[in-house]
Ligand code: KG4
Ligand code: ZN
């Protein structure tokens with residue numbers, strides 16, 4: 001089955017053509033980063049307007065790249081939440097229009113679940129249950145996936161998401177948006193043991209996270225030590241974030257006696273997170289699924305894979321499908 005996937009939940013306009021949830025025929029991402037950079041973060045009103053401008057050309061290009069025509073498209077799917085409501089509405093309206101015009105099935109997918117499905121897109125069938133760590137600009141969740149569509153939230157952040165912590169800390173230090181990739185880059189030449197930043201919920205056995213205190217600690221340190229090498233601050237911050245994320249994930253796998261670990265979301269591109277998780281998984285003999293960075297950040301191919309699996313379980317939407325800014329793990333069908 002050939003799916004046209006649409007992703008407009010934040011500031012990336014992405015359209016993909018994916019066959020049977022596995023074979024990417026095209027996966028185009030039109031980034032708005034250069035526009036939002038000027039403001040130091042995503043401006044929702046601008047994001048939705050840009051999606052309106054970008055979406056039709058990106059759809060056309062995705063079909064051309066996939067070497068298919070409209071008549072070859074057999075299903076259309078879209079992230080319908082969570083995300084920025086104006087941005088989501090652009091994608092949802094387009095998907096509904098395509099479904100009506102071509103008379104093909106429509107599936108709205110939960111963006112959180114879509115991130116996890118980047119793993120199935122890249123690796124194919126995965127032995128379940130698995131522990132999944134979703135780390136993005138808006139979410140930090142540790143979940144147990146026991147079957148397709150069956151997610152149990154083990155713990156999540158009480159305040160800022162991991163990506164948000166990187167982005168806000170970067171902004172404090174005058175680094176460009178988005179801060180995560182920039183902090184990753186500068187950390188490569190920094191001393192990660194220079195500053196001991198606080199690690200929330202380090203010693204308890206919970207799967208809760210908190211990153212706002214860490215962001216504040218970076219701010220206070222940066223103000224008190226204006227001449228400190230930025231690379232050292234970045235590396236020390238990255239070390240603290242990676243330590244927390246990896247420790248909680250490994251603890252969950254051990255406590256639930258689950259051998260498979262998946263990661264997803266933009267922060268899963270982070271080199272320290274990838275290295276530490278690889279090291280810890282090999283030490284504990286866990287199987288680690290690590291999708292390539294392009295499938296970790298927002299993209300429509302993961303949406304198409306998620307929809308493919310949802311559709312196989314009988315999930316279909318009608319033209320009354322709506323966008324929803326707040327959707328949680330409980331909203332996955
Ligand atoms: O998954 P994503 O593309 O969008 C959301 O659903 O939020 O994630 C974006 C987040 C941003 O906070 C960005 O700074 C972060 O992922 N990010 C990174 C890296 N690449 C992207 N954070 C740390 N290291 C990276 N290499
Ligand atoms: Zn995302």
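In segment 297-311, the condition of being away from ligand 2 (no atom under 16 Å from the Cβ), surrounded by fewer than 22 Cβ atoms within 10 Å (Cβ to Cβ) and either within 17 Å of residue 144 (Cβ to Cβ) or in contact (Cβ under 8 Å) with a residue 60 or more places away in the chain (or both) is met by at least one residue.
Each row is one residue, and each column tells you yes or no for (1) more than 17 Å from the chain's Cα centre (by Cα); (2) surrounded by 15 or more Cβ atoms within 10 Å (Cβ to Cβ); (3) at pLDDT below 95; (4) over 28 Å from residue 119 (Cβ atoms).
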residue	(1), (2), (3), (4)
162	no, yes, no, no
193	yes, no, no, yes
233	yes, yes, no, yes
247	yes, yes, no, no
266	no, yes, no, no
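There is no residue in segment 158-166 that is out of contact with any helix residue (DSSP H, G or I) (no Cβ under 7 Å at 6 or more places or on another chain), more than 12 Å from ligand 1 (Cβ to nearest atom), in contact (Cβ under 8 Å) with a residue 24 or more places away in the chain and not in a loop (DSSP other than H, G, I, E, B).
In segment 125-138, the residues that are closer than 15 Å to residue 329 by Cβ and away from ligand 2 (no atom under 14 Å from the Cβ) reach residues that are modelled with pLDDT of 95 or more and part of a loop (DSSP other than H, G, I, E, B) with C-beta atoms within less than 6 angstrom, at least six apart or across chains, in these pairs: 129/258; 131/258. Considering 330, 322, the condition of being more than 17 Å from the chain's Cα centre (by Cα), more than 16 Å from ligand 2 (Cβ to nearest atom) and modelled with pLDDT under 95 is satisfied by 330 alone. Residue 189 meets each of the listed conditions (1) closer than 29 Å to residue 308 by Cβ; (2) in a loop (DSSP other than H, G, I, E, B); (3) away from ligand 2 (no atom under 16 Å from the Cβ) apart from (1). Taken together, 255, 270 contain a single residue that is within 15 Å of the chain's Cα centre (by Cα), modelled with pLDDT of 95 or more and either farther than 29 Å from residue 216 by Cα or within 16 Å of ligand 2 (Cβ to nearest atom) (or both), which is 270. Remark: pairs (first residue in segment 167-194, over 17 Å from residue 214 (Cα atoms) and within 14 Å of ligand 1 (Cβ to nearest atom); second residue modelled with pLDDT under 95 and in a helix (DSSP H, G or I); Cβ separation under 6 Å; 6+ apart in sequence or on different chains) = 176/37; 177/37.
For residues in segment 275-296 being assigned to a loop (DSSP other than H, G, I, E, B) and within 16 Å of ligand 1 (Cβ to nearest atom), which is surrounded by the fewest Cβ atoms within 10 Å (Cβ to Cβ)? Ranking the candidates gives 292 first. Of the numbered criteria (1) outside any strand (DSSP E or B); (2) under 30 Å from residue 129 (Cα atoms), the one residue 175 fails is (2). Residues of segment 256-274 that are touching a residue at least 60 places away in the same chain (Cβ under 8 Å) and not in a loop (DSSP other than H, G, I, E, B): 260, 261, 262, 263, 264, 266, 267, 268, 269, 271, 272, 273.
The values are calculated or read from the model by the stated rules, or taken from the named source; none is laboratory data. The structure presented is a predicted model; accordingly, all values stated were derived computationally and were not measured. In this analysis, Cβ positions are derived from the backbone assuming ideal geometry, glycine residues included, and neighbour counts consider all displayed protein chains.
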